[in-house]
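Let me begin by presenting the structure, written as structure tokens, before commenting on it.
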Amino acid sequence: MRMSEFQRAVHDEFGDAYGRSLMNDLVLGALRDRTAREALEAGVVPREVWLALCEAMDVPPQRRVGVGRLEPSKHSA
């Protein structure tokens, strides 16, 4: 998961304002008692941060995998 995919996933799942609040304020035990922002700044990979955030917020498993990716472009022949 790239950082841009992580940011898109957070926005899509939680919305802009709430997503920013979670990133800055929610301390995640799975990330060594850091916020998502602190963990990312410390070098934790975005996928690990995303999964920890999902676990803490009870995001259903089917909405955790493959999120944040843009739909492939369709080229007309």
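Each residue of region 4-11 was assigned a 3J(HN,Hα) from its phi angle through the Karplus curve 6.51 cos²θ - 1.76 cosθ + 1.60 (θ = phi - 60°); the sequence is 5, 5, 4, 4, 5, 5, 4, 4 Hz, with glycine and proline shown as x. Give the shape of region 1-57 as rounded, prolate or oblate, defined through the alpha-carbon gyration tensor: a ≥ b ≥ c are the square roots of its eigenvalues, a/c under 1.5 means rounded, and otherwise the shape is prolate if a/b is larger than b/c and oblate if not. Note, shape of region 1-57 comes out oblate. Each residue of region 37-54 was assigned a 3J(HN,Hα) from its phi angle through the Karplus curve 6.51 cos²θ - 1.76 cosθ + 1.60 (θ = phi - 60°); the sequence is 4, 4, 5, 4, 5, 7, x, 5, 5, x, 4, 5, 5, 4, 5, 5, 5, 4 Hz, with glycine and proline shown as x. Less than 5 angstrom separates the built amide H of Thr35 from those of Leu28, all sequence-distant by 5 or more or on a different chain.
Readers should treat all values here as calculations from the given coordinates under stated rules, not as data from a laboratory. Because the structure is a prediction, the values reported are computed rather than measured.
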